[in-house]
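See below for the structure under consideration.
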Amino acid sequence: MPQLDFFAAHNDQIALLEFLFSQTDVRIFELASEYGQNLREFKSVAEMSTLYSLGRETSDQKNLSTLFALSSSAVSGDPVIERVSLNPRKCNGHTFRYRLGGGALMQLYFGGVYNKDERAITKSHFGHNSQIRAENWSVAQNINWESLAKLSNKIQYHIRKRLAVAKVPGRPVLPEALNLVNQGYSLKEFVNSTWQCENPT
């Protein structure tokens with residue numbers, strides 16, 4: 001299965017990142033660079049913690065707060081960094097940014113704890129393209145799909161079976177997130193959503 005949504009707060013996200021750095025070959029990048037800047041690759045959880053509010057949902061829109069791209073040399077070799085042209089009239093005068101390209105990238109999007117207008121934990125997400133989807137988009141070249149499936153299963157197994165302590169339908173709930181639910185926080189797709197998950201079991 002190429003997609004997994006889950007609920008995680010700060011310590012939960014730290015635990016997942018530590019696993020990725022120590023137990024897999026993935027390289028972790030920001031999904032896209034800031035305007036006019038190079039794309040950043042992260043070498044440690046400590047480095048990421050200084051740049052991002054891990055475990056906190058800072059957006060009141062439907063977009064998740066913290067977005068990363070994961071690349072594995074066993075799946076597709078070295079990642080391809082693409083320069084993206086920007087319209088300076090719409091981007092504060094900036095003309096470019098960078099992003100990772102290719103159909104074998106994995107995405108790790110973190111939601112987290114939101115305390116502004118309500119007490120909620122928004123979903124986090126791990127996922128990647130399927131082979132069929134990548135082929136339909138003509139981005140399936142030079143990808144070891146067997147290695148991607150093996151790596152994806154390893155990451156998802158770790159989230160589902162080693163980190164999670166409860167679940168809502170189809171979605172693992174990690175320990176700190178569950179503790180906050182027991183203090184009255186709701187589990188939501190995004191901030192201000194009218195729908196929320198039932199109590200985890």
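Overview of results
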item	result
Where a residue in region 85-96 is in contact (Cβ under 8 Å) with a residue 40 or more places away in the chain and among the aromatic types (Phe, Trp, Tyr) and its partner, wherever it lies, is in a loop (DSSP other than H, G, I, E, B) and surrounded by 14 or more Cβ atoms within 10 Å (Cβ to Cβ), with Cβ under 8 Å and at least six apart	Phe96/Tyr35; Phe96/Gly36; Phe96/Leu86
Residues (of a type outside the set (A, V, I, L, M, F, W, C), farther than 30 Å from Glu198 by Cα and either in contact with a Pro (Cβ under 7 Å, 6 or more places away or on another chain) or in a loop (DSSP other than H, G, I, E, B) (or both)) located in region 1-26	Thr24, Asp25
Residues that are aromatic (Phe, Trp, Tyr) and under 17 Å from Ala15 (Cα atoms), drawn from region 101-158	Tyr109, Phe110, Phe126, Tyr157
Single match in Ala69, Ala104 (criterion: within 25 Å of Asn38 (Cβ to Cβ) and in contact with a helix residue (DSSP H, G or I) (Cβ under 6 Å, 6 or more places away or on another chain))	Ala104
Region 130-156 residues that are under 14 Å from Met106 (Cβ atoms), paired with ones that are loosely packed, with under 15 Cβ neighbours inside 10 Å and at pLDDT 95 or above (beta carbon under 9 Å, 6 or more apart)	Leu151/Asp25; Lys154/Gln23
Residue in region 165-176 that is closer than 13 Å to Ala8 by Cβ, out of contact with any strand residue (DSSP E or B) (no Cβ under 8 Å at 6 or more places or on another chain), modelled with pLDDT of 95 or more and buried (at least 19 other Cβ atoms within 10 Å of the Cβ) present	yes
Qualifying residue in region 67-74 (condition: under 30 Å from Ser147 (Cα atoms), touching a Leu at 6+ places or on another chain (Cβ under 8 Å) and in a helix (DSSP H, G or I))	yes
Test: residue in region 140-163 that is under 27 Å from Ile28 (Cα atoms) and touching a Lys or Arg at 6+ places or on another chain (Cβ under 7 Å)	no
Selection from region 156-178 of residues that are outside any strand (DSSP E or B) and over 16 Å from Phe126 (Cβ atoms)	Val165, Pro169, Pro175, Glu176, Leu178
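The values are calculated or read from the model by the stated rules, or taken from the named source; none is laboratory data. In this text the structure is predicted, and so the values were computed from the model without any measurement. Neighbour counts are summed over all protein chains in view; Cβ atoms, including those assigned to glycine, are modelled from backbone coordinates with ideal geometry.
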